[in-house]
1. Rounded to the nearest 0.05, what FRET efficiency is calculated for LEU181 and ALA285 with R0 set to 41 Å and r the Cβ-Cβ distance?
2. Say a site is exposed when it is one of the trypsin sites (Lys or Arg not before Pro), sits in a DSSP loop, and has at most 14 other Cβ atoms within 10 Å; what is then the longest site-free stretch of the chain?
3. Calculate the FRET efficiency for TRP28 and ARG221 from the Cβ-Cβ distance with a Förster distance of 35 Å, rounded to the nearest 0.05.
4. Across the stretch 91-168, what fraction of all alpha-carbon pairs, as a whole percent, falls in each successive 5 Å bin from zero upward?
5. Any chance you could run the full-extension gain for ARG268 through THR434? It's 0.36 nm times the residue separation minus the Cα-Cα distance, nm to one decimal.
6. If you plug each phi of the stretch 264-270 into the Karplus form 6.51 cos²θ - 1.76 cosθ + 1.60 with θ = phi - 60°, what whole-Hz ³J(HN,Hα) values come out, in order, with x for Gly and Pro?
7. May I ask you to derive the FRET efficiency for VAL197 and SER61 from their Cβ-Cβ distance with R0 = 22 Å, giving the value to the nearest 0.05?
8. So who's got an amide H within less than 5 Å of the one on PHE145, skipping anything under 5 residues away but keeping other chains? H placed 1.01 Å off N, in plane.
Amino acid sequence: MKTSVARESARTGTGQVLSGQRGRRPGWLLASLLGGMFLGNVDIAVVNVAIPSIRDHLHASAGELELIVSGYTLAYAMLLITGARLGEIHGRRLMYLLGLTVFTLSSLACGLAPNAPALVGARVVQGVGAALMVSQVLTGIQVHFEGAARRRALGAYTGVLGVSSVIGQALGGVLVAADILGTGWRPIFLINVPIGVVLLITSFVFLPDDETSREKTLDMRGVGLLSLGLFLLVTPLVLGRDAGWAPWTWLCLAASLPVFAQFFRTERRIAGRGGDPLMNVALLARKEISLALVSQAATRAGYFALLFVLALYLQQGLGRSAVYSGLVPIAWVATFALVGPVLGRVGGRARKLAAPVGGLLMAVSFAAVAAGAQSTGWLIVLLGIGGIGYGAAFSGTLAHLTESVESRYAPDVSGLFNTTLQVGGTLGVAVFGTVYLDLAARSGAPQDAFSTTSAVLAVVSVAASVLVLLAGRAGSDTAAGRS
C-alpha cells in the first residue's frame, strides 16, 4: 500500500521515508503523528492527581469520579482496532485530523464542564477522539517510513510514550497545585486546547495524503461484537476492585468469552467469502504474532501493576507523601524513554535480543525488590534497571511485530498492539492491585505483601521473556520457509 512517492523511494534505493505529496519534511510528519499520541497518553493518567479537586469543586459522587477516570479508558480501548480500520478505508490523514479535532474540542468541554455528568460525557468523547488519532500513529510509521528511518521512528515512538508518562504523572499535580486564577483542576484539560490547535495546523500541512480503500466497507457486525466484547472485558477490570468484585464483574468477564468467540467466527467467515473483516484474525494464528502480543500484554501488566502497587505501598504502607511516591517511579519511566531511541540505531541482532533480555532485566528488578532491597536508593536503582528492561522489551517486541507482517496488515498490527497495551495495563492494575491489597489486609504487613507481589511480577516477566523469544524463533522459521 505504497504511494507514488513510496515507489520512487524504493526505486532510488534511499530506504528512508515513504511519504506522500504533503510529507516533504519527514521530521515534521513524525512530530505531528507522535504529538497526537503524546496527548492521548498524557490524558490517561493526568486526571488521577486531580480527582480530589474535581470532587470538591463539582461535588462528584464516588461513582462519577470512577467514570471520569475510566470513561476515557473504556472508549479509548474499545475503538483502537475500529479506528485503525477506519483509517485504512477513509484515509489515515483524515481520521487522524478528525480524532485530533474531537480530542481538542472535548478537552475544551472537559475544562468548562459545569457538573460531574457533563465531565463524564466529555471524557468519553475525549477517549473516542484519542482512539481515532492514536490508532493511525503506528500505521502511519509503518507506511511512511522504511529501513533505518522506520527503526528510528519506532524508537522515537517508544521515547515519546515514556516521556508522556513522566509528564502525565507530574503535570496534573503541578497544574492543580498552581490553581491558576482559581480554576483548580480545569487547566489539566484546557492546556490540551492550544497544543491541539498547533498540532492540527502542523498535521494538516505535513501529514501526507494517503491511498484509501474506498472499495472496502466497515464491518459493522464486527465492530459491534468487538466493542461489546471489549466492554464486557475492560469494564469489570476497571471498576471491579472498587466494587469489591461483585457478581456482575464476574458475569461480565464470563460473558466476554462467547462474544469474542463469535467475533472470531464472524471475521473468519467474512474473510473466507472474500469480504472485508474488521480484523484479519488469521494474523493471530501466526505464532510470531500471538506470542509477541501475549508477551507485550504481560510486560505492560507488570509495568502498570508496579506503578499502582508501589504508590499504595509507599503511601499506605510506609506513610510516605504523595510527592515522594510520585517521584520515585520516574526512575523507571525516564530510563524506559531512553531505550527506544537507542535501539532504533543498533544492528539487527541486538534488536532481536532486546525483548527477551529486557524481560529478564525486569525480572531481576522485581526479584531484587522482593528480596528486600526497598530503601530509597535501592528502589531508584532497581526501578531504573526495570525501566531499561521494559523499554527494551517494548521496543524489541514492537520492532518484531512491525517487521513480521506485510504492509497491508499495518492497520491490524496497529489496532492489535494498542489494544493489547490498554487491556494488559488494565489487567495488571486489577489483578496485582487486588493481590497486594488482599495480602496486606490479611497479614497486616504491607512490606511482606509488596515483596510477594514483586516476586510474582518477576515470574511474569520471565514468562514474557520466554514468550517473546519463542515468537522471534517462530518468525525466523516463517521467514526461512518463505525464502
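1. Efficiency, from the Cβ-Cβ distance: 0.15.
2. Value returned for the longest uninterrupted segment is 25-213.
3. 0.35
4. Result, from short to long distances: 3, 15, 17, 18, 20, 13, 7, 4, 2, 1, 0 percent.
5. 56.1 nm
6. 5, 4, 4, 5, 5, 5, 4
7. Taking R0 as 22 Å, the efficiency between VAL197 and SER61 is 0.05.
8. Excluding prolines and chain starts, which carry no amide H, the hits are LEU18.
The values are calculated or read from the model by the stated rules, or taken from the named source; none is laboratory data. The shown structure was predicted, so the numbers you read here are calculated from the model rather than taken from an experiment. Methodologically, a virtual Cβ is constructed for each residue, glycine included, from the backbone with ideal geometry; neighbour enumeration extends over all protein chains shown. The area values use the complete protein model at the heavy-atom level, side chains included, leaving out ligands, DNA and RNA. Shrake-Rupley method; radii C 1.70, N 1.55, O 1.52, S 1.80 Å.
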